[in-house]
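One structure is given here, and the rest of the page talks about it.
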Amino acid sequence: MEHHDVIIIGAGAAGLMCAATAGYRGRDVLVLDNAKQAGKKILISGGGRCNFTNQKVEPANFLCSNSHFVKSALARYRSSDFIELVERHGIEYHERDHGQLFCNDSAKEIVSMLLTECEWAGAAVKLRTEIRQVTKNSDGQFEVHTDKAQFTCQSLVIATGGLSMPKLGASPYGYHVAEQFGLKVLPTHAGLVPFTWHSDQKQRFEPLSGIAVPSTITAKDGTQFSEALLFTHRGLSGPAILQISNYWNPGEAISINLLPGKDARVEIEQQLNNSPKQSLRNALSLWLPKRLVEVLFEETLLNKALNQLVHAEREQLAVDLEAWSIVMNGTEGYRTAEVTLGGVDTDELSSKTMEAKSVTGLFFVGEVMDVSGWLGGFNFQWAWSSGVAAGQAV
């Protein structure tokens with residue numbers, strides 16, 4: 001059997017970051033992955049430009065059953081540290097809304113940077129390698145059996161990601177390894193994912209496909225995001241929906257404010273004073289796309305002049321504009337989800353090193369554990385921070 005100090009299963013963001021970090025410490029590192037290319041999820045992220053981190057990363061940007069777990073790793077490897085690495089490699093980038101950072105050119109540059117770092121650190125990356133079995137022998141070493149060869153190692157890092165985007169090779173393998181070694185795995189479901197219509201909603205709203213409007217969306221627990229809302233032929237999407245999906249449970253209503261930053265009652269009263277004979281249709285079309293107005297409100301109401309509306313009707317209009325409550329059918333699931341919620345229970349792991357408390361030498365990094373970030377580069381930052389934390393300990 002071929003021996004290495006460290007074997008990392010998974011050549012994604014967290015796995016490669018961990019490999020380079022450990023390699024620079026003089027550890028003999030081997031990364032194994034079944035895929036044909038490394039960093040597949042990086043390559044398609046951010047529309048091919050990779051939203052690689054965020055200027056303002058806080059523990060509050062993450063969901064985890066233990067809200068304190070992320071603090072140590074994020075504090076020790078910050079977004080500024082990764083930005084410095086990107087700049088050292090001459091990768092040009094730009095900032096978009098809410099501190100999101102994207103490559104000017106292509107996500108390929110981030111993958112190339114990580115592979116270069118692994119090469120410089122002496123960490124080997126073997127692709128197209130199927131893991132058949134992982135065991136721990138009587139000497140306390142891990143044995144990794146693949147379709148190509150057998151390996152042993154002192155430290156084994158699971159960086160296999162979650163279940164999101166199966167077409168990219170996502171699998172539950174990391175959860176199976178955790179369970180094999182007696183670690184608890186919390187229930188998983190799709191996160192940062194579009195919602196789908198009920199059949200009656202689909203008939204009503206499908207014609208709005210392609211319309212995007214600013215919105216503030218509130219979940220049942222009070223969590224709120226102000227971003228664009230996009231109507232699709234299958235349901236609702238856009239940044240606001242993806243963000244709120246992490247806080248939504250099946251059967252719960254979401255509340256949508258279609259006039260964020262405005263007071264609907266004030267706007268309606270002002271318009272009534274300025275143009276009393278204007279139709280409600282034309283008044284609402286000052287603030288929202290006409291197609292949306294015509295689907296949301298009854299024809300008879302829209303045909304009324306503003307001065308024909310009684311106080312109760314104007315009140316209801318304000319409520320419908322500021323707190324449109326809707327119960328969606330479900331989500332698109334892992335097929336289009338950007339992250340997986342749930343995973344290896346962080347109570348089983350050291351927040352400083354990512355090592356399993358009950359299994360010496362077994363580490364978990366990235367999305368495989370129960371840590372999920374908001375949309376906007378936070379999940380990549382968790383990959384970098386957790387990868388470095390483990391890389392410094394293996």
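One table, with the values for the structure above:
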| read-out | value |
| --- | --- |
| Segment HIS94-ILE44, length gained on full extension (0.36 nm per residue, minus Cα span) | 16.2 nm |
| Sites matching GluC sites (Glu not before Pro) across the range 287-333 that sit in DSSP coil, with at most 12 neighbouring C-beta atoms within 10 Å | GLU298 |
| Accessible surface of PHE297 - all protein chains present, 1.4 Å probe, nearest 10 Å² | 20 Å² |
| Residue-averaged [θ]222 nm for the chain, counting only DSSP H segments that reach four residues, each worth -39500 (n - 2.57) | -8500 deg cm²/dmol |
| Alpha-carbon centroids, the range 129-168 and the range 100-119: separation in whole Å | 25 Å |
| Kyte-Doolittle mean at least 0.0 and Cα axial length at least 18 Å: DSSP H helices in the chain | 108-121, 378-391 |
| Per residue accessible area in Å² of the range 257-394, where ligands, DNA and RNA are left out and the probe is 1.4 Å | 40 Å² |
| Net charge of Cβ neighbours under 13 Å - reference GLU322; Lys, Arg +1; Asp, Glu -1 | -1 |
| Packing-based ranking, highest mean first, of 202-210, 341-349, 59-67, 253-261 given that Cβ atoms within 10 Å are counted | 341-349, 253-261, 59-67, 202-210 |
| Estimated dipole of the chain in Debye, rounded to 20 [Cβ of Lys and Arg +1, of Asp and Glu -1, Cα centre] | 440 debye |
| Dipole magnitude of the range 22-81 about its Cα centre (Cβ charges: Lys, Arg +1; Asp, Glu -1), debye to nearest 20 | 80 debye |
| Pairwise centroid distance, computed over Cα atoms, of the range 362-394 with the range 214-271, Å | 29 Å |
| Apportionment of accessible area to carbon and sulfur, the chain, percent (1.4 Å) | 48 percent |
| Centroid-to-centroid separation of the range 308-335 and the range 30-52 [C-alpha atoms, Å] | 39 Å |
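The values are calculated or read from the model by the stated rules, or taken from the named source; none is laboratory data. This structure is a prediction, so every number in the text was calculated from the model and none was measured. Cβ: placed from backbone, ideal geometry, glycine included. Neighbour counts: every protein chain shown. Side chains are part of the model used for accessible areas, which takes the heavy atoms of the whole protein and leaves out ligands, DNA and RNA. Shrake-Rupley method; radii C 1.70, N 1.55, O 1.52, S 1.80 Å.
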